[in-house]
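Accompanying notes for the structure given below.
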Amino acid sequence: MKLAVFVTEFPKTTETFILRDLMVFLEAGVDLRIYHLAPWRKDQILHGFAAPLAGRARHLGLGSGAAVAGVLRHPLTAAWMAARILRHQGAEPVMAAKSLALLPAALGIAEELREWGADHVHAEFAGHPATAAWIVNAAIGVPYSVSCRAHDIFRSQRLLAQKFAAASAVRSVSEFTRVFLARKVAGVGEADIDVIHSSVDVAAIPALPPAPRNGTFRVLYVGALQQRKGVDVLLSALAGLDGDWRLDLAGDGPERARLEALTRDLGLEARVAFLGARPFEEISGLIEAAHVCVAPSVIGPKGRTEGIPNVMIEALAHQRPAISTRVSGIPELIRDGETGLMTEPGDIDALRRALVEVRDDPDAAHALAVAGRAHVAAEFDLRRNAARQLEMFTRTGPLKAATAATPPAPLAPERIIPDAG
């Protein structure tokens, strides 16, 4: 299979869940290309395990010669898709402008994929990657699928009905998002959406024994430092926690300066370590050293929030106790009192009580972690879920043939401009 995967950014330190899938696809013999719509992210880490992907990553600039050539080869498709974008997304002018700016590059990519002989396109996220896949499909007819996660569908649903109708498959990473989409997107029902969780390679992760009971109680947060992550809630909860404890924050982001200031205001500088973004290979060691892993997620500005935090899947796979909040699909992973502990988002006192519960009853906390690892093995296993995705990629579309409007038939590319070279 010749598979093109569309992402917004590459590399992206926090998107290990995508990188792991791609590596399994390579192992399965897939001929893979990765198209990142934004330029190469020099400020991000490409984790060592994903190094082979670097040579498969490609980017076409929005105003590149290939993009201009794509428009010249497909002028009717360009006009048709521009009209549909304005019709369905015009009420959100910023998003519409970004989609229109993406149109030439997507048509340039379409020409590359036509020449390559692509069998399928998969869009990681329902926003710009899915828009690009939708445009490619309109231009050259290659079937495509879409993975839906969190902010890509929660912030706005404009244009989703059009992109989903033409797709051969739509994947949700949680039951929560499947129900959300069925309720919010016209013409799409729950039966039309595959739930395939983000995953970890459980067999490759050792089940850790309980952390040492004596000494400092170690709390770990791994993830971006953004408002929707709720790290300020965690800091406030720990400020009222007695005894000897330490918090390691592995990650970076726009909230770092504010969180460092909050740490100083709370008098916690000696107990909180801002480690910055860390390579994937170091995260296992941080989890092993921790007594508990916490994802204090909240609903951020403009509805931005989590799908299911990948680090919580990893923590449970390592058999470490996990605490998180009742946001989005998180309760599908962490079942309160069964596989971990849950609190309401933003509830400082409840989060502090959960931390105390883990610290003061390590046997019960370890029992939750054991059950959590078993749950991850059953529902979040990398190879099983990657195989389900590969099966999904073999489908031909569209998902909703009756509602997938088609553009006017374009002239054959050779009739517009000759092939380069």
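The values are calculated or read from the model by the stated rules, or taken from the named source; none is laboratory data. All values derive from a computational prediction rather than experimental measurement. Cβ sites come from the backbone with ideal geometry, for glycine too, and all protein chains shown count toward neighbours.
Things worth noting here:
- The listed residue being under 28 Å from residue 83 (Cβ atoms), of a type in the set (Lys, Arg) and at pLDDT below 95, out of 114, 158: 158
- Scanning segment 366-384 for residues that are closer than 13 Å to residue 203 by Cβ and crowded, with 17+ Cβ neighbours inside 10 Å yields 373, 376, 377, 380, 381, 382.
- Test: residue in segment 97-104 that is within 27 Å of residue 251 (Cβ to Cβ) and assigned by TED's automatic domain parsing to the domain that holds residue 153: yes
- Selection count, segment 171-196, where residues are touching a Ser or Thr at 6+ places or on another chain (Cβ under 7 Å) and under 22 Å from residue 96 (Cα atoms): 2
- Which listed residue is modelled with pLDDT of 95 or more, within 15 Å of the chain's Cα centre (by Cα) and either among the aromatic types (Phe, Trp, Tyr) or surrounded by 18 or more Cβ atoms within 10 Å (Cβ to Cβ) (or both), from 219, 146, 142, 231: 146
- Positions within segment 277-291 being under 23 Å from the mean Cα position of the chain (by Cα) and among the aliphatic types (A, V, I, L, M), in sequence order: 277, 283, 286, 287
- Looking at 78, 67, 110, 91, just one residue is surrounded by fewer than 16 Cβ atoms within 10 Å (Cβ to Cβ) and either in contact (Cβ under 8 Å) with a residue 12 or more places away in the chain or assigned to a helix (DSSP H, G or I) (or both), and that residue is 91.
- When 79, 106 are screened for being touching a Ser or Thr at 6+ places or on another chain (Cβ under 8 Å), of a type in the set (A, V, I, L, M, F, W, C) and on the phi < 0 side of the Ramachandran plot, only 106 passes.
- Test: residue 268 is part of a loop (DSSP other than H, G, I, E, B) and under 21 Å from residue 324 (Cβ atoms): no
- One residue alone among 38, 50 is part of a loop (DSSP other than H, G, I, E, B) and modelled with pLDDT of 95 or more, and that residue is 38.
- Inside segment 114-131, residues that are acidic (Asp, Glu) and not in a helix (DSSP H, G or I) make up a count of 2.
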